[in-house]
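One structure below.
The values are calculated or read from the model by the stated rules, or taken from the named source; none is laboratory data. Quick caveat, the model's predicted, so the values are computed rather than measured. Glycine gets a Cβ as well: all are built from the backbone with ideal geometry, and neighbour counts include every protein chain shown.
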Amino acid sequence: MNALPSLETHPSPIEFFDRLKWIDGRPLLDTIEPYRRDLFMRALYTFRDDGAPLYNMMLAGRGKKNFKSCDLVLAGIYCLLCLESPQGNECYIIANDLKQAGDDLSLAKKLVEANADEIGGEVEIFSEEIKRVDGRGFLQILPARDSIGAHGKTYLFLGLDEIHGWRDYDLLEAMAPDPTRPDTRIWITSYDTIYNSPGIPLHDLKQRGIAGDDPRMLFSWYSGETCTDPDFAEMPPEYRANPSMGSWPEGIAYIDQQRRRLPTHKFRRLHLNMPGAPTGAFLDPDNVLSAIVSKRQSLSFQQGKEYCGFVDMSGGSSDDATLGIAHQENGKTIVDLVTKQVGDAPFNPRHAVLRFATLLKSYGLRRVTGDNYAGSTFKHDFEEMGITYIPCAQSKTVLYEELEPKLNAGEVELPDIPKLQEQLLGLVVRGARIDHIPNEHDDFANAAAGAVWCASGRSRIPVAQIGSYSWG
């Protein structure tokens, strides 16, 4: 393994930026807020005792127009010129698409031109890269599609810009760090993913950051729901997701303007840095979000209301078992409860039956509708608990198809449960079926849709047929 240079040979990012100007001539350091200065120092200038960087990966998430790409370019220029590496200063920035790559490269060139007196003699500018004149390194900025086949590259710095649309690990595998280079740094920046499910790179990396189980990963996340910075964590969502708002000429007025102009689901993802819906989503995201009653996670039993229940059972190995309860009120279907078994999979499904039977009885119910999973197993289990189990006459595709017009018409109220919201937004058309995308789940969505179907159908099912369904 190559020895690392002593720390004395490395100017810090703040020392380096203090020598430079922004593209409009202002001192560069004056344009970098304290939280960004802290990130540069922690990500690029925090070391272990052996001289290797303490963090070899950073995941940084913020809302749009919060200098994410700018910081990536600045980090790349710093690593190119200041971190003298025994194996050379090869630096890459890989952007989400060609336009993003062009924007990043344009900014890098403008920064070099604005600082010609300070660093202009150290680099040459080419069409797709900036090279050191001593031949010791370069900064290349490329779109992701041009990098998939780039297996075997070695580098000092890798920046990944806006990975919110990535659905697989192909590029991360292609650009895996060289294990012989102890000074490699990876900096990932993005707003939140379109595809918020396990197996999606940004989802998985974010969960790893939240768990805090990777000591060499620096996790910096600013969003309407998650904020790692204690200086912003207690602020309203708009401020938590946009820590650079103070530098905007219009401040919060810009956010209010974007809220009016953008569909709700796009506004949430771009400006609150919260997950979006996949391309080809079955349900209109705005209508799903409009149906959610903020901060209402459940409604307790009320005398005089007629409830019905729907269960989506599970064998307990991977999927959740879920229960939905709903009722009709003033022309709307109110989903009172969507819940799962105690704990996560794996679990004993009969314990879920006991829990659900107790909840059903608390709403005055002695029958429930459910799918035909596991034949008559759960039918007998529920009946042992005093609950009649009615196999659902419809597929879940039909349940979702019947839910859609009710959501569009504003005739449904849903509880504020993040997993339910994510699953409804993640439903897609797969051939003749409506289902979740691969590696995702729809247990909560199915229980809610089934409860809406049961409650909405009460008034149009002849009394003679009620025994065949679960109308309370």
TODO: Report yes if some residue within the range 110-129 is over 24 Å from Trp22 (Cα atoms), part of a helix (DSSP H, G or I) and either of a type outside the set (Lys, Arg) or at pLDDT 95 or above (or both); otherwise report no.
DONE: no
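If you take the residues in the range 215-251 that are of a type in the set (D, E, K, R) and surrounded by 15 or more Cβ atoms within 10 Å (Cβ to Cβ), which one is farthest from Asn66 (Cα to Cα)?
Glu225
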TODO: Read through the list (1) in contact with a Pro (Cβ under 9 Å, 6 or more places away or on another chain); (2) at pLDDT 95 or above, then give the number of the only condition that Gly76 fails.
DONE: (1)
- [ ] Those residues that are without any contact (Cβ under 8 Å) to a residue 40 or more places away in the chain and polar (S, T, N, Q), I need them from the range 11-52; list them, please.
- [x] Ser12, Thr46
TODO: Note down all Cβ pairs under 8 Å where the first residue falls in the range 249-263 and is within 24 Å of Thr31 (Cβ to Cβ), the second is charged (D, E, K, R), and they're at least six residues apart or on different chains.
DONE: Ile252/Glu238; Tyr254/Lys65; Ile255/Glu238; Gln257/Glu250
TODO: Name the one entry in Gln302, Gln297 that is farther than 26 Å from Asp344 by Cβ and in the same structural domain as Cys392 (by TED's automatic domain parsing).
DONE: Gln302
Open item on the list: So in the range 317-331, with the set limited to residues that are out of contact with any Lys or Arg (no Cβ under 9 Å at 6 or more places or on another chain) and either assigned to a loop (DSSP other than H, G, I, E, B) or of a type outside the set (Gly, Ala, Ser) (or both), which one is surrounded by the most Cβ atoms within 10 Å (Cβ to Cβ)?
Closed with: Ile325
Open item on the list: Residue under question is Leu98, and the condition is that it be touching a strand residue (DSSP E or B) at 6+ places or on another chain (Cβ under 6 Å) and at negative phi; does it hold?
Closed with: yes
Open item on the list: Anything in the range 360-387 that is under 17 Å from His327 (Cα atoms), part of a helix (DSSP H, G or I) and without any contact (Cβ under 8 Å) to a residue 40 or more places away in the chain? List them, or say none.
Closed with: Lys361
Task: Pair list, Cβ < 8 Å and 6+ apart or interchain, from the range 113-133 residues that are more than 15 Å from Cys91 (Cβ to Cβ) to residues that are of a type in the set (Phe, Trp, Tyr) and part of a loop (DSSP other than H, G, I, E, B) - done: Ala114/Trp22
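Quick one: in the range 271-288, of everything that is in a helix (DSSP H, G or I) and either touching an Asp or Glu at 6+ places or on another chain (Cβ under 9 Å) or surrounded by fewer than 19 Cβ atoms within 10 Å (Cβ to Cβ) (or both), which residue is modelled with the highest pLDDT?
Just the residues of the range 271-288 that are in a helix (DSSP H, G or I), to begin with: 271, 285-288.
From what's left, either touching an Asp or Glu at 6+ places or on another chain (Cβ under 9 Å) or surrounded by fewer than 19 Cβ atoms within 10 Å (Cβ to Cβ) (or both): 271, 286-287.
Details: His271: 94, Asp286: 81, Asn287: 90.
Applying the filter and picking the extreme gives His271.
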Task: Single residue of Thr369, Thr377, Thr339 found to be assigned by TED's automatic domain parsing to the domain that holds Thr388, surrounded by 23 or more Cβ atoms within 10 Å (Cβ to Cβ), on the phi < 0 side of the Ramachandran plot and not aliphatic (A, V, I, L, M) - done: Thr369
Open item on the list: Return the residues of the range 159-210 that are under 23 Å from Gln140 (Cα atoms) and of a type in the set (Phe, Trp, Tyr); say none if nothing qualifies.
Closed with: Trp166, Tyr169, Trp187, Tyr191
TODO: From Glu84, Glu8, grab the single residue that is loosely packed, with under 14 Cβ neighbours inside 10 Å and either assigned to a helix (DSSP H, G or I) or at pLDDT below 95 (or both).
DONE: Glu8
TODO: Working only within the range 388-417, note down all residues that are surrounded by 14 or more Cβ atoms within 10 Å (Cβ to Cβ) and either in a helix (DSSP H, G or I) or touching a Pro at 6+ places or on another chain (Cβ under 7 Å) (or both).
DONE: Lys396, Thr397, Val398, Leu399, Tyr400, Glu401, Glu402, Leu403, Glu404, Lys406, Leu407, Asn408
- [ ] Hey, can you tell me all the residues within the range 183-206 that are in contact with a Pro (Cβ under 8 Å, 6 or more places away or on another chain) and either at pLDDT 95 or above or closer than 24 Å to Pro53 by Cα (or both)?
- [x] Asp183, Thr184, Arg185, Ile186, Asp204
Task: Test: residue in the range 437-460 that is modelled with pLDDT of 90 or more, crowded, with 20+ Cβ neighbours inside 10 Å and among the polar types (S, T, N, Q) - done: yes
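Out of everything in the range 102-112 that is out of contact with any helix residue (DSSP H, G or I) (no Cβ under 8 Å at 6 or more places or on another chain) and touching a residue at least 12 places away in the same chain (Cβ under 8 Å), what residue ends up being surrounded by the fewest Cβ atoms within 10 Å (Cβ to Cβ)?
Lys110
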Open item on the list: Scan the range 78-101 and tell me whether some residue there is touching a Lys or Arg at 6+ places or on another chain (Cβ under 9 Å), more than 21 Å from Gly137 (Cβ to Cβ) and not polar (S, T, N, Q).
Closed with: yes
